[in-house]
1. Could you please find all residues in the range 129-144 being open to solvent by 40 Å² or more (accessible area, probe 1.4 Å), without any contact (Cβ under 8 Å) to a residue 40 or more places away in the chain and either touching a His at 6+ places or on another chain (Cβ under 7 Å) or under 11 Å from T94 (Cα atoms) (or both)?
2. Considering only the range 40-62, how many residues are within 25 Å of E139 (Cα to Cα) and of a type outside the set (S, T, Y)?
3. Can you name every residue in the range 91-125 that is part of a loop (DSSP other than H, G, I, E, B) and farther than 17 Å from P165 by Cα?
4. Any idea which of F191, F175, F128, F148 is touching an Asp or Glu at 6+ places or on another chain (Cβ under 8 Å) and either at pLDDT below 85 or in a strand (DSSP E or B) (or both)?
5. Scan the range 23-42 for residues that are of a type outside the set (D, E, K, R) and in contact with a strand residue (DSSP E or B) (Cβ under 8 Å, 6 or more places away or on another chain) and jot them down.
6. Taking N17 as the residue in question, decide whether it is on the phi > 0 side of the Ramachandran plot and out of contact with any Cys (no Cβ under 8 Å at 6 or more places or on another chain).
7. Condition check: touching a His at 6+ places or on another chain (Cβ under 7 Å) and either loosely packed, with under 11 Cβ neighbours inside 10 Å or not hydroxyl-bearing (S, T, Y) (or both). Does L177 satisfy that?
8. Please tell me if I7 is modelled with pLDDT of 95 or more, out of contact with any Cys (no Cβ under 9 Å at 6 or more places or on another chain) and surrounded by 12 or more Cβ atoms within 10 Å (Cβ to Cβ).
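The values are calculated or read from the model by the stated rules, or taken from the named source; none is laboratory data. On a predicted model such as this, the values are computed, not experimentally measured, just so you know. FYI the Cβ positions are ideal-geometry reconstructions off the backbone, even for glycines, and counts take in every protein chain you see. Surface areas here come from the heavy atoms of the whole protein model, side chains and all, with no ligands, DNA or RNA. Shrake-Rupley method; radii C 1.70, N 1.55, O 1.52, S 1.80 Å.
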Amino acid sequence: TLIVKAIDAQTKNLIENVHVKIEDARTGDIISDLDVPSGTHSETLSKGTIIRVTVAKEDYISYTSNTQFPEGKILRKEEEQINAEMQFGGTNLTVIVQAGTGGTPLDSVKLDLLDAQNEKIQSLTSNFSGETEFIGLNETENYTLLAFHPNYFPARKNVEWESLPSSDTGKTLIFPLTSISSGNAATVTVFVYESDGKAAIGSKVSLDELV
């Protein structure tokens, strides 16, 4: 059993009405994504599961288990507890995804928020207005956004806090994407082998853009 408790870092009291998200750190599959009125959430998971946990609440800096467990938290015991200590404060980041600079808003764009170590903190999907909001971010930290849509090139954008305009809820970032067409796209196939020549099943492959 996994127990997640949202705790105020100053008072050490439970924080009520938080949002808890638990992901499989290996596959990215969402295990739970729910509001927790009590501030304490329990989940029955198998031993050996590697998880990533985020806890969010308005007016608090969001908690991510990446800080304690960069490669994910491995569940080894019958009962595991994560005390998600959260500092009061934080900035909400509204991301608006567009079809090119100044283009129409794009919905159904998957946005991954990464920390300074390029570990995923959270994934959200843009709405019909092309918007999504990451709440409780720390402006002293470095973040990166990855955007994915089947009709547009994957894109990467650093969050440069000083250059972002302020809004009523925090800061706003415009994220333009370039559409895929037959004239500007190609398919790359990567084969990964072990030293004995066998296929390396389950390998993680990443492609970086040289700028």
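1. E131
2. Count: 8.
3. Answer for the range 91-125, where residues must be part of a loop (DSSP other than H, G, I, E, B) and farther than 17 Å from P165 by Cα: G100, G103, T104, L106, D107, S108, V109, D115, A116, Q117, N118, E119.
4. Testing whether each residue is touching an Asp or Glu at 6+ places or on another chain (Cβ under 8 Å) and either at pLDDT below 85 or in a strand (DSSP E or B) (or both) leaves just F148.
5. Listed by number, the residues that qualify are A25, G28, I30, I31, S32, L34, V36, S38, G39, T40, H41, S42.
6. yes
7. Yes.
8. yes
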